[in-house]
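Structure first, commentary second.
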Amino acid sequence: MALSEKDRSLIGRESAPIYAPDEVCKPMIRHWVEAVEDANPLYTDEEYARSSKYGGIIAPPQMMMVWCMPRMWPWPEFPWVPMAELELPGDYDTYVATDMIREFYLPVRPGDILSYTMKLDGVSEEKKTRIGKGHFITTTQIYRNQRGEIVGKEIRTVLKYKPET
Amino acid sequence: MQKWKKLHWEDVADGQDIGSYEMQMDAVKISCGAWATRDSNPIHHDKSFAERGSLKDIIVNIMHSEGLLCRLATDWSGPTGELKRNRFNIRGSCIAGDTCTVSGNIIKKYIGQEDNYMKGLHLVDLQVNALASGKPFCDAVITLALPAKVDKSSH
């Protein structure tokens with residue numbers, strides 16, 4: 001079954017910016033460092049970080065997504081994203097992430113306020129896979145700081161499918 | 001100030017091992033990783049929820065998993081190695097009680113040729129793999145930029 005005209009019209013559309021609830025900060029960096037046991041001094045050693053090319057502490061680049069995770073309370077209203085409106089022919093109710101690419105462009109520092117937009121890059125026609133039939137959906141999340149500079153991107157492909165019984 | 005490792009691009013070679021480490025992923029560590037990444041999904045905190053979904057116990061979340069892989073890259077390079085790109089895949093789950101082993105090697109070293117943010121940088125692509133008690137957990141191709149030595153014969 002082909003994609004509907006509505007679904008095809010969603011390809012290329014991008015959401016409005018979704019803001020991080022908090023600014024980038026040293027306590028959250030330290031909590032992340034504890035979980036990963038990452039001794040990189042750029043993240044926690046003030047003296048070392050000052051002497052580095054960054055001139056001060058930076059957040060681990062891979063925390064890019066963490067800053068933008070939503071609040072738990074009060075529960076936020078989720079903004080419109082193109083993926084939420086996809087109709088997709090067929091009876092698909094399960095998601096699995098198949099591929100995730102993250103690119104890091106600029107350092108993220110304590111005090112930065114990050115936001116992201118989500119763009120729907122593409123939706124495949126129905127494919128038969130090892131785990132069931134479904135559609136591959138590719139989205140790009142573009143992360144910016146408070147100056148509007150793009151600090152990084154995440155390109156993600158998920159399979160929305162019906163598990164083979 | 002402590003002297004930190006500084007690996008130069010010229011001193012590494014294709015295929016080279018980049019070391020490994022182990023972490024015991026008990027339930028507290030898994031929940032810690034989920035909170036540190038602001039993830040309230042009960043699959044990372046609530047054993048009875050995980051069991052209803054046919055898992056034996058809670059599992060490590062994706063952002064924590066990626067952190068575990070990227071850590072090996074910069075442990076190996078020292079803090080002058082810069083994370084540029086990460087292509088990540090999930091292969092299985094790391095469940096409370098599992099031992100997570102992270103290891104890797106250099107796929108290739110090169111100078112960025114494509115017309116993008118990595119152009120002209122001295123790069124290595126690393127294959128980093130994580131196992132959960134010996135079973136596939138996740139892996140990534142991580143692109144790191146390394147400092148290059150001053151070379152009077154070039155430029």
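Nothing in this text is a laboratory measurement; each read-out follows from the coordinates by a stated rule. The shown structure was predicted, so the numbers you read here are calculated from the model rather than taken from an experiment. We place every Cβ from the backbone using ideal geometry, glycine too, and count neighbours over all the protein chains shown.
Figures for the structure shown
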{"item": "Net charge of Cβ neighbours under 12 Å - reference B:T143; Lys, Arg +1; Asp, Glu -1", "result": "+2"}
{"item": "Per-selection Kirkwood Rh - the range B:1-146 (Cα, Å, 1 d.p.)", "result": "16.2 Å"}
{"item": "Chain A: radius of gyration over Cα atoms, expressed as a fraction of 2.2 N^0.38 Å", "result": "1.23"}
{"item": "Pair-distance profile P(r), taking every C-alpha pair of the protein assembly as shown, with 10 angstrom steps and integer %", "result": "6, 23, 34, 26, 10, 2, 0"}
{"item": "Highest-MSF residue in chain B out of B:D115, B:D98, B:D39 [GNM, Cα springs under 10 Å]", "result": "B:D115"}
{"item": "Rounded tilt (10° steps) of A:26-36 against the dominant C-alpha axis of chain A", "result": "70 degrees"}
{"item": "Nearest 10 degrees, 0 to 90: helix B:62-77 Cα axis against chain B principal axis", "result": "30 degrees"}
{"item": "Under the Karplus curve 6.51 cos²θ - 1.76 cosθ + 1.60, θ = phi - 60°, whole-Hz ³J(HN,Hα) for the range A:137-147, x wherever Gly or Pro sits", "result": "10, 10, 10, 10, 9, 10, 9, 10, 9, 5, 8"}
{"item": "Cα-Cα separations in the range A:36-114 greater than 22 Å, expressed as whole percent", "result": "50 percent"}
{"item": "Most fluctuating residue given options A:W75, A:W32, A:W67, as computed from a GNM of chain A linking Cα atoms under 10 Å", "result": "A:W75"}
{"item": "0 to 90° range, to nearest 10: angle between helix B:27-36 axis and chain B longest Cα axis", "result": "60 degrees"}
{"item": "Cα-based equivalent ellipsoid, the range A:105-147: semi-axes from gyration tensor eigenvalues, Å", "result": "35, 10, 7"}
{"item": "Between the range A:105-160 and the range B:25-88, the Cα center-to-center distance that results, in Å", "result": "19 Å"}
{"item": "Relative contact order (%) - chain A, alpha-carbon pairs under 8 angstrom, separation at least six", "result": "29 percent"}
{"item": "Tail weight of P(r) past 19 Å, computed on alpha-carbon pairs of the range B:56-129, percent", "result": "43 percent"}
{"item": "Listed residues B:E22, B:E66, B:E51, most fluctuating in chain B (Gaussian network, C-alpha, under 10 Å)", "result": "B:E51"}
